[in-house]
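The values are calculated or read from the model by the stated rules, or taken from the named source; none is laboratory data. Keep in mind that what you see is a predicted model, and the values were worked out from it rather than measured. Reconstructed Cβ throughout: ideal geometry from the backbone, glycine too, with neighbour counts over all protein chains shown.
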Amino acid sequence: MPLPMMVRSLICRFQGHSDLNRWSDAQELLPEWEERTRLLARLVTPGSHILDFGAGSRTLQKYLPPDCTYLPSDLVGRSADTFVCDLNSRPLPDLSTFKIDTAVFGGVLEYIQDLPELVGWLSKYVDRCIVSYECAQPQENFWQHLRQRNARACAGWVNNLQEHEFISLFEARDLKLVRREIWRTKQGDEPLFVFQKELG
């Protein structure tokens with residue numbers, strides 16, 4: 001019998017890596033995520049050189065402006081040109097040879113164990129981050145807070161940042177919030193963010 005998602009998440013967190021077994025299964029790439037990916041692509045500046053983290057079936061690529069350069073990255077090498085990378089493993093890789101200016105994360109950052117370190121690493125290589133993040137909501141008491149954390153863990157998520165905390169991670173690395181959109185679903189709304197360095 002498969003381990004419950006919460007238990008698997010705790011094991012991965014303790015061992016310091018991502019859930020490779022889960023994300024090796026193409027059935028985990030849900031078709032309803034395509035709308036979010038389409039919205040993220042609309043936020044991409046024409047002519048961008050993009051590294052798409054958690055690329056999955058490369059849905060982002062088909063919605064990008066035609067003059068963009070695209071490189072997929074994932075836990076699993078789903079194509080010959082996929083940059084295989086576990087963002088929870090250390091050390092994080094050198095991205096300088098890719099000459100990218102934009103990183104895109106759709107439905108990925110909730111699974112990252114050390115978000116401050118990840119954002120610091122990214123800030124050395126890119127001028128722009130386009131991301132989705134299901135923010136934790138303020139809770140009135142300890143028990144509501146605990147229920148929310150448990151619900152996030154049951155989804156496989158390993159961090160619990162409220163929106164102002166999430167934005168602060170990027171702005172502390174000179175990636176300023178320049179745009180915020182909403183992906184609306186029957187299950188609720190999820191913010192989409194564009195963070196960008198000030199170009200001198």
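Points worth noting:
- Residues in segment 182-198 that are farther than 21 Å from GLN137 by Cβ and without any contact (Cβ under 8 Å) to a residue 60 or more places away in the chain: GLU198 alone.
- Annotation note: of PRO31, PRO66, the sole residue that is over 26 Å from ASP114 (Cβ atoms), of a type outside the set (Ser, Thr, Tyr) and modelled with pLDDT under 85 is PRO31.
- Answer from LEU109, LEU169 - the residue that is within 13 Å of the chain's Cα centre (by Cα) and within 21 Å of SER73 (Cβ to Cβ): LEU109
- Residues located in segment 89-106, provided they are more than 12 Å from the chain's Cα centre (by Cα) and not charged (D, E, K, R): SER89, PRO91, LEU92, PRO93, LEU95, SER96, THR97, PHE98, ILE100, THR102
- When we screen PRO116, PRO93, PRO72 for residues that are under 15 Å from PHE53 (Cβ atoms) and surrounded by fewer than 18 Cβ atoms within 10 Å (Cβ to Cβ), the only hit is PRO93.
- Between ARG78, ARG128, the distinction of being surrounded by 15 or more Cβ atoms within 10 Å (Cβ to Cβ) and more than 20 Å from ARG36 (Cα to Cα) belongs to ARG78 only.
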